[in-house]
Amino acid sequence: MNIQPLLDALGIQEDAARAMADDLRTQIGELQARLRETETHLEHLTITRKTVTALADRIPAQPGSPDLPEHPDYPRILAVFNEATDALRARDVCQALDHELLPKNIEGTRAKLKRLVKLDILTENDVGTFTRMQ
């Protein structure tokens, strides 16, 4: 019985498996390097967050700065209105904040805008359109 063809087929499969293993090792090495870079970036962001948080208590309040509710969207909303030339709807603000245009996000933004109206920071000109208080 001649087993040479069988051995040749096994040799081809071994070569292919070795090549695949080498490719996978290369990919693993690249992924490990990317993971290290990402972890380093994450550490830097964590340090930055701690620094900014620690400094936030030391920064004096800006004169004329309204007392905003404690939510990160409120300063961003005011920034949108500072750049706006026309009245904005909740959907426009949502889009400017890069929120997904889902009903829950639009309604949440509308509630924040209404709260800013109650705080005399924004005005609601027509139903659903808001501008910065002059």
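The values are calculated or read from the model by the stated rules, or taken from the named source; none is laboratory data. These numbers come from a predicted model, not from an experiment. Reconstructed Cβ throughout: ideal geometry from the backbone, glycine too, with neighbour counts over all protein chains shown. Surface accessibility is based on the protein's heavy atoms, side chains included, excluding ligands, DNA and RNA. Shrake-Rupley method; radii C 1.70, N 1.55, O 1.52, S 1.80 Å.
For the chain, the solvent-accessible area works out to 80 Å² per residue, with a probe of 1.4 Å and every protein chain left in place.
For the chain, the longest principal axis of the Cα atoms and the long axis of helix 4-56 meet at an angle of about 20 degrees. Counting only protein heavy atoms and a 1.4 Å probe, tell me what percentage of the chain's accessible area is made up of carbon and sulfur. Its accessible area is 55 percent carbon and sulfur atoms.
Grab the eigenvalues of the alpha-carbon gyration tensor for the chain, scale each by 5, take roots, and send me the semi-axes largest first in whole angstrom.
On the way: eigenvalues 709, 104, 19 Å².
Working from the Cα gyration tensor, I get semi-axes of 60, 23, 10 Å.
Return one number: the angle in degrees, 0 to 90 and rounded to the nearest 10, between the long axis of the Cα atoms of helix 103-118 and the longest principal axis of the Cα atoms of the chain. Compared with the principal axis, the helix lies near 30 degrees. The amide H of Leu97, built 1.01 Å from its N in the peptide plane, has no neighbour under 5 Å, considering only residues 5 or more places off or on other chains. Val52 sits with roughly 90 Å² accessible to a 1.4 Å probe, with DNA, RNA and ligands left out of the calculation. Under a model in which nothing but the beta-carbon of Lys, Arg (+1) and Asp, Glu (-1) is charged, the chain shows a dipole of about 720 debye around its Cα centre.
When the chain is described by a simple charge dipole with +1 on each Lys and Arg Cβ and -1 on each Asp and Glu Cβ, the residue from Pro75, Pro103, Leu24 located farthest towards its positive end is Pro75.
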